[in-house]
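S.K.: This structure is in structure tokens; I'll ask about it shortly.
Each value in this text was obtained by applying a stated rule to the coordinates, not by laboratory testing. Quick caveat, the model's predicted, so the values are computed rather than measured. Backbone-built Cβ (ideal geometry, glycine too); neighbour counts: all protein chains shown.
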Amino acid sequence: MSEILGRVVLITGAASGIAAAVGRRFTGPDCALILHTRGHRNERRSDLEKIVDEVKRKGGQVLTLFGDLADDGVAQGLVAASMEKFGRLKSSSIPS
């Protein structure tokens, strides 16, 4: 966990499964998360909002974005929104 402190983490498919678990794991006051899901169904949005609430309760910063990554504009929008809100997407490589 210490290797992601102070970083901005983008998680796609964050409303369920492994991606949701990763979002919950990377929660804390020193982490900024961008959580993405397609959001076609209301339950995806609802599931993502539960994770957002958890992140905020633990002092984390979070940005949520919706859209189909098959659309190039959505992928570009993720990066642009990350830069606008947090000023970066990746600060440096994680040491091995």
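S.K.: Can you pull out the residues in the stretch 23-46 that are more than 20 Å from ALA81 (Cβ to Cβ) and in contact with a strand residue (DSSP E or B) (Cβ under 8 Å, 6 or more places away or on another chain)?
M.R.: Passing the criteria: none in range.
S.K.: Taking ALA32, is it without any contact (Cβ under 8 Å) to a residue 12 or more places away in the chain and of a type outside the set (Lys, Arg)?
M.R.: Here the answer is no, as ALA32 does not meet what is asked.
S.K.: Do you know which residues across the stretch 33-43 are surrounded by fewer than 22 Cβ atoms within 10 Å (Cβ to Cβ) and under 17 Å from LEU10 (Cα atoms)?
M.R.: Correct list: ARG38, GLY39.
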